[in-house]
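Peer 1: One structure, as structure tokens, below. Some questions next.
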């Protein structure tokens, strides 16, 4: 019995290489999705562990940021809820209790696209999130993420 099998054709080998790349890419995507989901769980757990006004404010900030800047990924930043683009923190919520401050703050890093002339604010005191404050936060995070 003679075998005429010569192996895979060039087209078959190319298709297998393509498939292997697709499988690797899908695995990387799944790993990244798992990391993103874990990071969001960490942020939500950190918010849930807060007390009083800090928790209420952090929950609202999280809702506003994720609704208005979905490209920003939740992550922890020095133990605080933060939102990043390509792994770089754009904005973060600093609870008042963390540094025994009088008020919580919403801060923006130099990665945020908030430049407005020679001088502009990057930290905002938060005592309450009214509808006007929520609207302002939404506008800020949209601009910061743009």
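Peer 1: Kindly put 19, 62 in sequence by how many other C-beta atoms sit within 10 Å of each C-beta, fewest to most.
Peer 2: With the sparsest Cβ surroundings first, the list reads 19, 62.
Peer 1: I would also like to ask the following. Tell me, 16, 119 in order of fewest to most beta-carbon neighbours within 10 Å?
Peer 2: Ascending Cβ contact count within 10 Å gives the list 119, 16.
Peer 1: For the chain, what is the mean residue ellipticity at 222 nm derived from helices alone (per DSSP H run of n ≥ 4: -39500 (n - 2.57); sum divided by total residues; nearest 500 deg cm²/dmol)?
Peer 2: Value at 222 nm, helices only, nearest 500: -17500 deg cm²/dmol.
Peer 1: Separate question: Could you give the alpha-carbon Rg of the range 10-145 over 2.2 N^0.38 Å, rounded to two decimals?
Peer 2: 1.33
Peer 1: What's the angle, to the nearest 10 degrees (0 to 90), between helix 52-68's Cα axis and the longest principal axis of the chain?
Peer 2: So the helix axis and the longest Cα principal axis differ by about 50 degrees.
Peer 1: Then there is this: Would you kindly state how much longer the chain becomes between residue 67 and residue 13 on full extension, computed as 0.36 nm times their sequence separation minus their alpha carbon distance, in nm to one decimal?
Peer 2: My answer for the length gained is 14.9 nm.
Peer 1: Right, another one. Can you put 140, 57 in order of Cβ neighbours within 10 angstrom, beginning with the fewest?
Peer 2: 140, 57
Every read-out reported here was derived from the displayed coordinates using simple, explicitly stated rules and does not represent laboratory data. In this text the structure is predicted, and so the values were computed from the model without any measurement. Neighbour counts run over all protein chains shown; Cβ positions are idealised from the backbone, glycine included.
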